[in-house]
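The values are calculated or read from the model by the stated rules, or taken from the named source; none is laboratory data. None of the values given here were measured: they were computed from a predicted structure. Here the Cβ is made from the backbone with ideal geometry for all residues, glycine too, and neighbour counts use every protein chain on show. The area values use the complete protein model at the heavy-atom level, side chains included, leaving out ligands, DNA and RNA. Shrake-Rupley method; radii C 1.70, N 1.55, O 1.52, S 1.80 Å.
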Amino acid sequence: MKKRERFGSRFAVIAAMAGSAVGLGNIWRFPYVLGQYGGAAFILVYIAASLLVALPIFFAESVIGRRSGRDTYGAMQLLAPGTAWKWAGLLTILSPLLILSYYSVVGGWSVEFLFKSLSFTFTENASEAEVSGYFGHFISSTWQPLLSHTLFMTMVAGVVLGGVKNGIERFSKVAMPLLFVLILFIVGYSLTLPGSRAGVEYLVKPDFTRLNADAYAAALGQAFFSLSLGVGTVLTYASYVKKEENLVVSGVGTAVSDLLFAMIAAFAVMPAVFAAGIEPGSGPGLVFQTLPYIFNKMSQAMPITSALVSIAFFLTILAAALTSAISMLEVGVAYLVDEKGMERRKATLLLAFGTWLLGVLCSLSFGPLAGVKLLGLSFFDFLDALCSNWLLPLGGVLFTLFVGWRMSKADVRDELTNGGTCNVRLFGLVYFLMRYLAPIGIVVVFLSNLFL
Ligand code: TRP
């Protein structure tokens with residue numbers, strides 16, 4: 001077999017993993033979920049869920065990935081040959097492709113909004129009504145969103161075609177630092193808007209009366225999605241990590257970057273939402289509806305700045321979405337390359353095409369196919385619910401159970417401490433979280449999705 005590629009350095013590992021983690025989940029999803037569950041108090045729950053439940057699962061996936069040095073299916077075959085665990089491997093090849101199909105549609109929206117910013121549509125002579133209505137009009141049309149979805153998927157495939165080092169690593173090492181610079185620039189702007197203070201207060205003054213059982217489940221669900229857990233992306237990336245690398249350090253680095261980015265994104269979006277007098281709990285359209293409206297409003301006073309911020313903002317969303325989307329495609333590509341001996345080129349094009357096709361249905365489900373319902377949900381919402389509420393937690397629980405209960409403790413210790421040379425004291429705590437707290441945490445979410 002051809003020698004597998006490896007990430008070149010610790011920075012490359014964290015850039016790629018944080019690239020997967022930081023995505024639409026942080027900029028598009030986090031602010032509106034936060035808005036729905038009442039602000040600062042939700043953030044605290046979210047941080048706890050990320051560190052106590054999500055991070056241990058991240059470690060579990062890393063352990064499986066690096067130990068085996070294979071794709072998700074191959075990893076199960078190698079570490080638990082001849083058992084039903086191979087189904088867990090297969091499931092987690094399918095689920096990221098399902099996610100990618102609708103993720104790419106939203107990625108496409110960011111392509112469209114970037115183009116619109118570049119042509120100053122939001123900032124020149126448009127009426128407020130036009131700008132805030134643009135989103136609804138755009139997503140419900142037929143061709144425009146399909147074209148954007150196609151462009152986005154093409155870019156994703158382009159990076160994955162380049163391979164682990166020349167594609168994923170190279171792209172992430174440039175995109176990630178850029179993302180942080182861009183989002184900080186936007187925060188700076190957002191905080192200067194008149195009326196933005198209320199947004200800041202919303203983010204820092206917790207109101208615990210608004211936390212209900214749903215909020216805990218939502219926080220954990222969001223932490224899962226944001227760290228790209230439960231569908232083998234972490235596992236696959238970890239299989240490209242060198243043996244000398246410290247998995248705990250790269251995991252913590254990734255989780256902290258992801259949390260930090262989500263917070264900064266919230267400080268970029270919420271003050272602007274409040275400045276515009278928009279309801280923070282208004283749902284998935286939040287970022288795409290609110291921000292253009294603000295850029296438009298501010299363009300009367302500061303035409304150039306607002307145009308620039310608008311470009312920066314949608315470029316940020318696009319870059320973040322791309323680094324995440326490539327990690328979803330890579331899971332399946334790794335499988336076809338490792339297990340089926342397929343050429344990377346062929347595997348990439350095949351899977352990109354298949355997910356693109358499914359994405360077409362998702363895209364149309366906002367327009368011409370809006371009437372087609374599966375279990376009462378549109379195609380897009382159905383896939384999102386299936387993945388976020390079921391497949392992700394299911395994959396997550398399988399991975400932690402595998403590491404906590406199926407693999408030998410000695411092997412897990414060996415992998416997390418690099419043969420006893422690092423993290424020796426920390427290991428007990430991490431192992432405890434992986435074995436008990438994490439699976440219990442997920443099962444609670446599962447049950448709450450079922451009964452609440
Ligand atoms: N974490 C990414 C985000 O926040 C999305 C993502 C990438 C993802 N890979 C994933 C989500 C795997 C779930 C599973 O946008």
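Restricting attention to the range 402-452, the residues that are open to solvent by 40 Å² or more (accessible area, probe 1.4 Å), β-branched (Val, Ile, Thr) and without any contact (Cβ under 8 Å) to a residue 12 or more places away in the chain total 3. Checking each residue of the range 126-148 against the condition of being of a type outside the set (Gly, Ala, Ser) and either within 14 Å of the ligand (Cβ to nearest atom) or closer than 30 Å to Val397 by Cβ (or both) gives no match. Within the range 368-411, the set of residues being in contact with a Gly (Cβ under 8 Å, 6 or more places away or on another chain) and under 21 Å from Ser250 (Cα atoms) comprises Gly396, Phe399. When Pro271 is tested against (1) within 15 Å of the ligand (Cβ to nearest atom); (2) buried (at least 24 other Cβ atoms within 10 Å of the Cβ); (3) over 14 Å from the mean Cα position of the chain (by Cα); (4) at pLDDT 90 or above, only condition (1) is not met. Comparison of Arg70, Arg4 shows that the only residue that is surrounded by fewer than 23 Cβ atoms within 10 Å (Cβ to Cβ) and not β-branched (Val, Ile, Thr) is Arg4. Of the residues that sit in the range 375-396 and are open to solvent by less than 20 Å² (accessible area, probe 1.4 Å), assigned to a helix (DSSP H, G or I) and farther than 13 Å from Phe224 by Cα, which one is nearest to the ligand (Cβ to nearest atom)? Step by step, filter the range 375-396, then rank; the result is Leu383. Among all residue pairs at least 6 apart or on different chains, which show Cβ distances below 6 Å where the first residue, located in the range 62-77, is outside any helix (DSSP H, G or I) and the second is surrounded by fewer than 22 Cβ atoms within 10 Å (Cβ to Cβ)? From residues that are outside any helix (DSSP H, G or I), the pairs are Arg70/Leu78. Mind checking whether some residue in the range 33-41 is surrounded by 20 or more Cβ atoms within 10 Å (Cβ to Cβ), away from the ligand (no atom under 16 Å from the Cβ) and under 21 Å from Gly332 (Cβ atoms)? No, that holds for no residue. Within the range 113-169, the residues that satisfy the criterion of being surrounded by fewer than 21 Cβ atoms within 10 Å (Cβ to Cβ), β-branched (Val, Ile, Thr) and within 21 Å of the chain's Cα centre (by Cα) are Thr150, Thr154.
Pick out the one residue from Leu247, Leu227 that is open to solvent by less than 20 Å² (accessible area, probe 1.4 Å), farther than 17 Å from Ile440 by Cα, more than 15 Å from the ligand (Cβ to nearest atom) and not acidic (Asp, Glu). The conditions single out Leu247.
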